[in-house]
Amino acid sequence: MAVQRTDPLLQNRPARPNEPGAKRDQPAGAMHESERRQMLATIEDLFRRTAARTGFGSAGSGVLEAMGRVPREQFVPPESAHRAYDDTALALACGQTISQPFVVALMTTLLRPRRDHRVLEIGTGSGYQAAVLSHLVREVWSLEVVPELAHAAATRLQRLGHRNVHVQAGDGTHGWPEHAPYDGIVVTCGGEAVPPALLEQLAPHGHLVMPVGPADDQRLLDVTRDRRGAVRLRDVLGVRFVPFVHLPAPAPQGAGDDARSIGLAAAADSAAAAFADLALAVSSLVVPARQVRPERRIEFACSATSPQQLLARWLDEVAWAMRRQELVFATFEVAVRGDSLRATGWGQPIEATGTTPRTDPRTWSLQDPRLERTATGYRASCRVATDRQPV
């Protein structure tokens, strides 16, 4: 999981995965050396230009050297390899992105990595951030919620020789307690608050780096905890990351299940935020939110006799807008009051995105919507049966 948009100064536009001109199976080496040097020069320039906001006029010790050693073209899809060293986020499979190089450098710098450190990463993605960290710390433990991405990243990292990186599929909100405490924790997906489990797993005086806040006003935070448990936060920079969205593999097929169904879930500290994040995950089955411009506004309103029914009605409203108006969405704002919901979505016609749809919402059947209370808030989930899996 990775950043979609940062401060406007940084010009972080995610590239479309079907842009032409890509060269497949490009090996690491001299053919990318000039692009790699230019990437590092751009990072240095951006550190100087954002120093007043971040507090860092240059990258941390060894960070640029580590990034210069990692063949970024190995961590992006083949069709994006020609842009591997551009300072921009790039699309991955399963609706995720690889962060722009400057953001990777900044988040790594905020961790203050040392050779004897053990670091936890939430959101492995393609494994690029973990690969950079592997050159700077003793051990990297990385959790990825999408099993397909976790398996691919683990295979890639092992193939490239990053033996001190350990990848596992799992829900990042719970951390990886078996190997705690961690000297640093880096979270590459946004949430309304820092999950308590991650704070508990952070070693005293360690640094936790995470984007926190509503989707339209996220701030990159540098979080520390002293030996008595007191937490200190520092606001570093305005960012926008993909949300903490749980995308489990389809459950085993049962008597009434569709083998082609896709499980989606979203965890948040409020029911309204969970409703919004789940609806965005549903829309992203057609076109990832990062590729949608918020050009059209649409209002929603519905009511029901129970929270479960309200979630079902809300998802039906979103699916109706996608089918009948052929819209996909960049963001939602949802307000839940009692048995009523009012929401605003910002999106764009599917054809206007310039992206080949990953699934057709006209073939969907929304199944088993659920809203559950958790220790840290709410979890909204559903299954989407479709005749085509997302690509």
Worksheet, complete the sentence: Here the residues within segment 302-326 that are at pLDDT below 90 and outside any helix (DSSP H, G or I) are C302, S303, A304, T305, S306, Q325
Item to complete: Output yes when any residue across segment 355-377 is in contact with a Leu (Cβ under 8 Å, 6 or more places away or on another chain) and either basic (K, R) or without any contact (Cβ under 8 Å) to a residue 24 or more places away in the chain (or both), and no when none is.
Response: yes
Item to complete: Select from segment 49-102 the residues that are basic (K, R) and out of contact with any strand residue (DSSP E or B) (no Cβ under 9 Å at 6 or more places or on another chain) and write down the one among them that is surrounded by the fewest Cβ atoms within 10 Å (Cβ to Cβ).
Response: R69
Worksheet, complete the sentence: Residue pairs within 7 Å by beta carbon, gap of at least six or interchain, first lying in segment 293-314 and over 15 Å from E333 (Cα atoms), second acidic (D, E), listed first then second, are S303/D339; A304/D339; T305/D339; L310/D339
Item to complete: Working only within segment 262-280, note down all residues that are among the aliphatic types (A, V, I, L, M), in contact with a Leu (Cβ under 9 Å, 6 or more places away or on another chain), at pLDDT 90 or above and buried (at least 24 other Cβ atoms within 10 Å of the Cβ).
Response: A274, L278, A279
Worksheet entry | Residues (surrounded by 16 or more Cβ atoms within 10 Å (Cβ to Cβ), at pLDDT 95 or above and not hydrophobic (A, V, I, L, M, F, W, C)) located in segment 132-155 | S134, H135, E139, S142
Item to complete: Could you please let me know if L221 is over 30 Å from G345 (Cβ atoms) and either outside any strand (DSSP E or B) or aliphatic (A, V, I, L, M) (or both)?
Response: no
Discussion item. Here are the criteria: (1) surrounded by 19 or more Cβ atoms within 10 Å (Cβ to Cβ); (2) more than 23 Å from Q218 (Cβ to Cβ); (3) of a type outside the set (V, I, T). Tell me which single one R362 does not satisfy.
Written reply: (1)
Worksheet, complete the sentence: Scanning segment 291-311 residue by residue, those more than 18 Å from S340 (Cβ to Cβ) and surrounded by fewer than 23 Cβ atoms within 10 Å (Cβ to Cβ) turn out to be Q291, R293, P294, E295, R296, R297
Worksheet item: Just checking, how many residues over segment 353-374 are within 25 Å of D339 (Cβ to Cβ) and either touching a helix residue (DSSP H, G or I) at 6+ places or on another chain (Cβ under 8 Å) or assigned to a helix (DSSP H, G or I) (or both)?
Response: 4
Worksheet item: Which members of segment 314-329 meet the condition of being among the small types (G, A, S) and either loosely packed, with under 15 Cβ neighbours inside 10 Å or farther than 23 Å from G263 by Cβ (or both)?
Response: none
Practice prompt. With respect to L111, determine if the residue is crowded, with 24+ Cβ neighbours inside 10 Å, assigned by TED's automatic domain parsing to the domain that holds R36 and over 23 Å from H166 (Cβ atoms).
Written response: no
Worksheet item: Scanning for something on the phi > 0 side of the Ramachandran plot, at pLDDT 90 or above and either out of contact with any helix residue (DSSP H, G or I) (no Cβ under 8 Å at 6 or more places or on another chain) or not assigned by TED's automatic domain parsing to the domain that holds D277 (or both), does segment 185-201 turn up at least one residue?
Response: no
Discussion item. One residue is enough: does segment 124-133 have a residue meeting the conditions without any contact (Cβ under 8 Å) to a residue 40 or more places away in the chain, within 25 Å of S58 (Cβ to Cβ) and under 18 Å from the mean Cα position of the chain (by Cα)?
Written reply: yes
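The values are calculated or read from the model by the stated rules, or taken from the named source; none is laboratory data. Everything quoted here is computed from the prediction, not taken from an experiment. Virtual Cβ from ideal backbone geometry, glycine too; neighbours counted across all protein chains shown.
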